[in-house]
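These notes are about the structure you will find just below.
The values are calculated or read from the model by the stated rules, or taken from the named source; none is laboratory data. Nothing here was measured: the structure is a model prediction, and the numbers come from that model. All Cβ positions, even for glycine, are placed from backbone atoms using ideal geometry, and neighbour counts span all protein chains on display. Heavy atoms of the whole protein, side chains included, go into the accessibility calculation; ligands, DNA and RNA do not. Shrake-Rupley method; radii C 1.70, N 1.55, O 1.52, S 1.80 Å.
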Amino acid sequence: MSVEFISAINVNAANEINGVSDFRLDPVYLKRYSRILEDGGFDYTLVPYGSPGHDPFTIAAAVTQYTERIKPIIALRPNTIYPTVAAKALATLDQLSNGRAVVHFIAGGSDVEQAREGDRLNKTERYARQEEYIQILRKVWSNTERFDHKGTYYSFEDFVSVVRPVNGTIPISVGGSSDDAYRVGGALGDIFGLWGEPLKETQEQIDRIAEQSRLAGRTDTPRTWVTFRPIIAPTEELAWEKAHNTLSILQERASGGAGKGSLWRQVPTGSTPANVGSQRLLNIAAGGDLHDRALWTPTATATGAQGASTALVGTPETVAAAILDYVDLGADLISIRGYDNLNDAVDYGRYVIPLVKEELAHRERTGQKGSLQSEHLGGLAEGSVALAEASVRS
Ligand SMILES: Cc1cc2nc3c(=O)[nH]c(=O)nc-3n(C[C@H](O)[C@H](O)[C@H](O)COP(=O)(O)O)c2cc1C
């Protein structure tokens, strides 16, 4: 079983905890960040989409010219670009990067955020449009003859594109946790993106998606992508201290502080999110702070769970063992991005990714699990839990 790692690109030094409010694209920073991800062993980087932010296609093109291997995952909202145009833009990026383009579909969790760019469909309609959109992309990439399309959301005639993906197609990812997301992603996705939930809930989601693949007549299922915000340090004690410091800053920012968090917020913190993915995380967080080996959820509560917001807390060994617990569920795409983005990306590349890859290589060689997961690491170890509770009180 091999595993691939995903990060998320940043175009400047602004992040959720440093309060930097200069959001201009910094080409020097973007180049350095892209190379740090590639040198650190990341295989992909998400180029997220939010109504106030930079254009993902431009950023992805730049990332592919600053690097040799890393694949940009373009987050795409169907309401922002016509499907034939998107098909050609993705295939153009794929040719420019010699086959590195990936697209992640965003149905859009919030009607408010969608309306900011003129989208008036409700979420169920947005998923139905996304389904038709994906079918059009694949037609544009494969059809060599002119064709007409007459659908519910799109219709056009006599169209053909000469811009083809390097490998004939481009991997398509779908994210979300609603029934509509499972249906569309299970039927059409090469990849299915999930936010970091406890192992049991993650297994349930993987099973729901597989069921939809089966119902769609597929014999395969999408690859599983799970997303975390690891908070690591050389000792459990230091990691929990860092986690609580990070949480205090997120809570302070959420209560109206300046910085990146507030600008990208899709709905006011404290209001019930419309998307199921965020609702699930908040429910899980309400059920307890620490889950399984190291999954910590107060960071989700602090940010309204608007996006990837659950942490894995501990030493690199603890976090690597926790990641392997998800790999054992079948998740072979692991997204890890920190709150102190650039520095955390460096640390993950140095300390976490190698541990996970070493363990998997060990299994490959010996057919047996190594020691990493058997050790009482992280939340299971009395010491760390006690320390966490102690520091909360103090
Ligand atoms: C891994 C992952 C990445 C996502 N990236 C974005 C993003 O960049 N921009 C965005 O608006 N929504 C993003 N989303 C949100 C969803 O794609 C989704 O449209 C929304 O949450 C609705 O989901 P629901 O089906 O859970 O209700 C992401 C979701 C996942 C799981």
Which Cα, out of V20, W195, V103, lies furthest along the positive dipole direction of the chain (beta carbon charges, K/R +1, D/E -1)? V103
What shape does the stretch 10-90 take by its C-alpha gyration tensor, where a ≥ b ≥ c are the square roots of the eigenvalues and a/c under 1.5 counts as rounded, a/b above b/c as prolate, and the rest as oblate? oblate
Using Cα positions and a limit of under 17 Å, work out the lysines in reach of K369, with same-chain residues fewer than 8 apart set aside. K357
If one computes the Cα centroid of the stretch 277-296 and of the stretch 49-96, what distance in Å separates the two points? 32 Å
Accessible surface of the chain [probe 1.4 Å, protein heavy atoms]: carbon and sulfur percent: 52 percent
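Given axes a ≥ b ≥ c from the Cα gyration tensor, I'd like to know whether the stretch 306-353 is rounded (a/c under 1.5), prolate (a/b larger than b/c) or oblate.
oblate
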Ignoring GluC sites (Glu not before Pro) buried by more than 16 other Cβ within 10 Å or outside DSSP loops, the longest site-free run in the chain is 146-374
Mind ranking F57, F156 by accessible surface for me, highest first, 1.4 Å probe? F57, F156
To one decimal place, what Kirkwood hydrodynamic radius in Å is obtained for the stretch 277-332 from all pairs of distinct Cα atoms? 11.6 Å
Answer with one residue from Y182, I172, T92: the one whose Cα lies farthest towards the positive end of the charge dipole of the chain, charges on Cβ with Lys, Arg +1 and Asp, Glu -1. T92
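Per-residue counts of other Cβ atoms within 10 Å, averaged by peptide: what ranking do you get for 187-195, 326-334, 146-154, highest first?
By packing density, highest mean first, the sequence is 187-195, 326-334, 146-154.
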Taking a probe of 1.4 Å and leaving out DNA, RNA and ligands, the chain shows per residue an accessible area in Å² of 41 Å²
How big is the gap, in Å, between the Cα center of the stretch 328-361 and the Cα center of the stretch 174-210? 21 Å
In deg cm²/dmol, rounded to 500, what helix-only [θ] at 222 nm does the chain give when every DSSP H run of at least 4 residues adds -39500 (n - 2.57) and the total is split over its residues? -14000 deg cm²/dmol
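Under the definition of Cα pairs under 8 Å and six or more residues apart, what whole-number percent is the relative contact order of the chain?
19 percent
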Could you give the spread of the C-alpha atoms of the stretch 1-155 along their three principal axes, from largest to smallest, in whole angstroms? 46, 37, 33
Sequence neighbours fewer than 8 away in the same chain don't count; with that in mind, list the aspartates and glutamates whose C-alpha is under 15 Å from K200. D292, D325, D328
Quotient of Cα radius of gyration and Kirkwood radius for the stretch 130-237, i.e. Rg/Rh, equals 1.12
Ignoring ligands and nucleic acids, V163 exposes an accessible area, probe 1.4 Å, in Å² to the nearest 10, of 30 Å²
Lys, Arg +1 and Asp, Glu -1 on Cβ, resulting dipole of the chain about Cα centre, debye, nearest 20: 900 debye
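At a 1.4 Å probe radius, which order do R214, R164 fall into by accessible area, largest first?
Correct descending sequence by accessible area is R214, R164.
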With Rg from the Cα atoms and Rh as the Kirkwood inverse mean 1/r over Cα pairs, the chain has an Rg/Rh of 0.96
